[in-house]
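> Pasting a structure here, questions to come.
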Amino acid sequence: MKTVIIRPERCVGCLQCRLACAVEHSVSKSLAGALGEAVRPVSRVAVYPARLNFAFPNKCRHCDPAPCQSVCIAGAISRDAARGTVEIDPVRCINCAMCAMACPFGVLRYAATPQAPEKRAAALKCDQCPHREAAGRVPACVEACKVGALTYGDWHAAQAEKGLALAQAVFAGLAPGQTPLAPPDTVRLWRLLG
């Protein structure tokens, strides 16, 4: 499954991802149009200040199994089998907030949506822009992020890349021929794989 991958060490807190997300989930799909809509669009991405010039972008991880889906008594949360994403039907949502309490990442928001304008609020979270994916485009937040804090791809590959970068950073300070402190068999294995 492809997903939005968060690299918080790159986030500068510009909030462009939030703006792009809100516009993408508007009826008009334009900033000027979104400001005048009866139901104002809400971003499904949160950005929390971290320290100095850094911030932490937070969005749904589409857990498997998904705690939010497990506790949804209205049956409003389901998994899209083809995409692997966890989806919310705002029409079925009863705004009980059980999903928000169960979410380990705190990513659910409650707001009115164009899909259910008669309701005061329904649960909202990242849906990874399915209409953009169908058109061969990346999610709006990823396209808006100019510093690479949000990327789109296979999370297994992203984890492997992150592990390799960490290993390179750890071993960058070693003198030629110096080995890290590890059992001899592990060092030989690293050299064979290396």
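> Can you give the relative contact order of the chain as a percent, counting alpha carbon pairs under 8 Å and 6+ residues apart?
26
> Now for a different question. Using helices alone, what [θ] at 222 nm do you get for the chain, with -39,500 (n - 2.57) per DSSP H run of 4 or more residues, divided over all residues and rounded to the nearest 500?
Calculated at 222 nm, the ellipticity per residue is -8000 deg cm²/dmol.
> While we're on this one: What are the ³J(HN,Hα) couplings of segment 142-154, residue after residue, when phi is run through the Karplus curve with 6.51, -1.76, 1.60 and θ = phi - 60°? Round to Hz, x for glycine and proline.
5, 4, 7, 6, 8, 9, x, 6, 10, 10, 10, x, 6
> Working from Cα positions, state the angle (0 to 90°, nearest 10) between the long axis of helix 184-193 and the longest principal axis of the chain.
So the helix axis and the longest Cα principal axis differ by about 70 degrees.
> Within 10 Å of each candidate Cβ there may be at most 13 other Cβ atoms; applying that plus a DSSP loop requirement, which trypsin sites (Lys or Arg not before Pro) in segment 26-133 survive?
K29, R120
> Do any chymotrypsin sites (Phe, Trp or Tyr not before Pro) in segment 31-119 lie in a DSSP loop with no more than 15 other beta carbon atoms within 10 Å, and if so, which?
Sparse-neighbourhood loop chymotrypsin sites (Phe, Trp or Tyr not before Pro): F105.
> I'd like the FRET efficiency for F171 and R10, computed as 1/(1 + (r/R0)^6) with the beta carbon distance as r and R0 of 25 Å, rounded to 0.05.
Given R0 = 25 Å and the Cβ-Cβ separation, E is 0.65.
> First select every other residue whose beta carbon is under 12 angstrom from the beta carbon of Y48; then total the charges, Lys and Arg +1, Asp and Glu -1.
Net local charge, Y48 excluded: +3.
> Within the chain, which is the longest segment that contains none of the GluC sites (Glu not before Pro) sitting in a DSSP loop with at most 16 other Cβ atoms within 10 Å?
38-117
> Please give every one of the lysines within straight-line cross-link reach of K125, meaning a C-alpha to C-alpha distance under 23 Å, and leave out same-chain neighbours fewer than 8 residues apart.
Here the lysines satisfying the reach criterion relative to K125 are K2, K29, K59, K146.
> Additional query: Can you figure out the FRET efficiency of A160 with R120, using R₀ = 41 Å and their beta-carbon distance, to the nearest 0.05?
0.40
> With a/c under 1.5 counting as rounded, go ahead and sort segment 1-132 into rounded, prolate or oblate using the C-alpha gyration tensor (a ≥ b ≥ c being the square roots of the eigenvalues; past the cut-off, prolate if a/b is larger than b/c, else oblate).
The shape class here is oblate.
Each value in this text was obtained by applying a stated rule to the coordinates, not by laboratory testing. Only a predicted model underlies this, so the values are computations on that prediction, with no experimental measurement involved. Using ideal geometry, Cβ is built from the backbone for each residue, glycine included, and neighbour counts are taken over all protein chains shown.
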